[in-house]
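Single-structure report; data block below.
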Amino acid sequence: MKTAYKRILLKLSGEALMGENAYGINRDTIARIVAEIGAVAAMGVEIGVVIGGGNIFRGLAGTATGMDRATADYMGMLATVMNAMALQDAMRQAGVNSRVQSALNIEQVVEPYIRGKAIRYLEEGKVVIFAAGTGNPFFTTDTAAALRGSEIGAEIVLKATKVDGVYSADPMKDKGATRYASISFDEAINRNLKVMDATALALCRDQNLPINVFSIFKPGALKRVVQGEDEGTMVHC
């Protein structure tokens, strides 16, 4: 089956794994997400995944309660490792071959991030799950997605969200909000459209790495994006 991209970087939020739960990981939801990823992998697309940790712990939430920002961010990175392990386990059960690489050194649990090894795994058809963000505090997993996408030579970053694209206003609050089919990086930054944080957007713009924002809860959306159909919002130079 023809695809528009050979190698992609999928950014999954930790909240996407919660499903209808208020916290943690919903097994039915993670199984459904894995099925979507597996269907795309079966098409021959090489997939890297950056996973967030907001369903377990969010660094900024910790700082709001008086916690040191660096400490809170490291805790958030550990939450992403937990999610990466859960995602890999769900992939194993679904027959999807995957590897987890962590920006933090926790070799008893997952292997460290090594760029060349990650690229080899991708070429072998394995899904590579990148955990622990960039390994540095003060950077979000959005920035990690932009960084890893650039490093592995991905052709696009796919940001999986709860809504089916970027809107002129919050569609949950404003029924008149309209979805952009495409928008430039500069427009997204200037209008503060919350596509990704400014650091991630600037990195993708500088590397000419487009972003597609789509809903992971819309069945088949990931596959349609990879096939180049009009799904979500394309952010480009």
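The values are calculated or read from the model by the stated rules, or taken from the named source; none is laboratory data. Quantities reported herein were computed from a predicted structural model and do not represent experimental measurements. Counting neighbours? That spans all protein chains shown, and the Cβs are built from the backbone with ideal geometry, glycine included.
Tally up the residues in segment 220-235 that are out of contact with any Cys (no Cβ under 9 Å at 6 or more places or on another chain), touching a residue at least 24 places away in the same chain (Cβ under 8 Å) and not in a helix (DSSP H, G or I), please.
Within segment 220-235, the subset out of contact with any Cys (no Cβ under 9 Å at 6 or more places or on another chain) is 220-234.
In the following step, the residues that additionally are touching a residue at least 24 places away in the same chain (Cβ under 8 Å) were identified as 220-223, 225-228, 230-234.
Checking which are not in a helix (DSSP H, G or I) leaves us with 220, 227-228, 230-234.
Within segment 220-235, residues that are out of contact with any Cys (no Cβ under 9 Å at 6 or more places or on another chain), touching a residue at least 24 places away in the same chain (Cβ under 8 Å) and not in a helix (DSSP H, G or I) number 8.
Can you tell me how many residues within segment 91-106 are small (Gly, Ala, Ser) and either out of contact with any strand residue (DSSP E or B) (no Cβ under 8 Å at 6 or more places or on another chain) or modelled with pLDDT under 95 (or both)? Let's see the steps before the verdict.
Step one: filter segment 91-106 for residues small (Gly, Ala, Ser), giving 94-95, 98, 102-103.
Going one step further and asking which of them are either out of contact with any strand residue (DSSP E or B) (no Cβ under 8 Å at 6 or more places or on another chain) or modelled with pLDDT under 95 (or both), we end up with 94-95.
Of the residues in that region, 2 qualify.
Mind checking which residues of segment 86-99 are out of contact with any Leu (no Cβ under 8 Å at 6 or more places or on another chain) and under 9 Å from residue 129 (Cα atoms)?
Of everything in segment 86-99, those that are out of contact with any Leu (no Cβ under 8 Å at 6 or more places or on another chain) and under 9 Å from residue 129 (Cα atoms) turn out to be 88, 99.
Looking at 121, 113, 180, which is the one that is closer than 26 Å to residue 218 by Cα, surrounded by 15 or more Cβ atoms within 10 Å (Cβ to Cβ), among the aromatic types (Phe, Trp, Tyr) and over 16 Å from the mean Cα position of the chain (by Cα)? Working first, answer last.
On the way: 121 fails: closer than 26 Å to residue 218 by Cα; 113 fails: closer than 26 Å to residue 218 by Cα.
Testing whether each residue is closer than 26 Å to residue 218 by Cα, surrounded by 15 or more Cβ atoms within 10 Å (Cβ to Cβ), among the aromatic types (Phe, Trp, Tyr) and over 16 Å from the mean Cα position of the chain (by Cα) leaves just 180.
Which one of the conditions (1) farther than 24 Å from residue 215 by Cβ; (2) hydroxyl-bearing (Ser, Thr, Tyr); (3) in contact with a helix residue (DSSP H, G or I) (Cβ under 8 Å, 6 or more places away or on another chain) does residue 29 fail to meet, given that it meets all the rest?
(1)
When segment 23-44 is examined, which residues are found to be part of a loop (DSSP other than H, G, I, E, B) and either small (Gly, Ala, Ser) or within 28 Å of residue 139 (Cα to Cα) (or both)? Write out each step before concluding.
Just the residues of segment 23-44 that are part of a loop (DSSP other than H, G, I, E, B), to begin with: 23-26, 42-44.
Matches in segment 23-44: 23, 24, 25, 26, 42, 44.
For segment 146-170, name all the residues that are outside any loop (DSSP other than H, G, I, E, B), more than 12 Å from the chain's Cα centre (by Cα) and touching a residue at least 60 places away in the same chain (Cβ under 8 Å). Walk me through it before giving the result.
Pass one, segment 146-170, residues outside any loop (DSSP other than H, G, I, E, B): 146-152, 156-161, 167.
If we keep only those that are more than 12 Å from the chain's Cα centre (by Cα) as well, we get 150-152, 167.
152 - this is the single residue of segment 146-170 that is outside any loop (DSSP other than H, G, I, E, B), more than 12 Å from the chain's Cα centre (by Cα) and touching a residue at least 60 places away in the same chain (Cβ under 8 Å).
Given the criteria acidic (Asp, Glu), under 15 Å from the mean Cα position of the chain (by Cα) and modelled with pLDDT of 95 or more, does residue 46 qualify?
Working: acidic (Asp, Glu): yes; under 15 Å from the mean Cα position of the chain (by Cα): yes; modelled with pLDDT of 95 or more: yes.
When the stated conditions are applied, residue 46 passes them.
Would you point out which residue out of 107, 15 is in contact (Cβ under 8 Å) with a residue 24 or more places away in the chain and surrounded by fewer than 22 Cβ atoms within 10 Å (Cβ to Cβ)? Reasoning before the result, please.
On the way: 107 fails: in contact (Cβ under 8 Å) with a residue 24 or more places away in the chain.
Within the list 107, 15, the selection yields 15.
Please work out if residue 133 is part of a loop (DSSP other than H, G, I, E, B), among the small types (Gly, Ala, Ser) and on the phi > 0 side of the Ramachandran plot.
Details: part of a loop (DSSP other than H, G, I, E, B): yes; among the small types (Gly, Ala, Ser): yes; on the phi > 0 side of the Ramachandran plot: yes.
So residue 133 passes the test.
Among (1) outside any helix (DSSP H, G or I); (2) closer than 22 Å to residue 159 by Cβ; (3) touching a residue at least 24 places away in the same chain (Cβ under 8 Å); (4) not aliphatic (A, V, I, L, M), which single condition is residue 2 missing?
The failed condition is (2).
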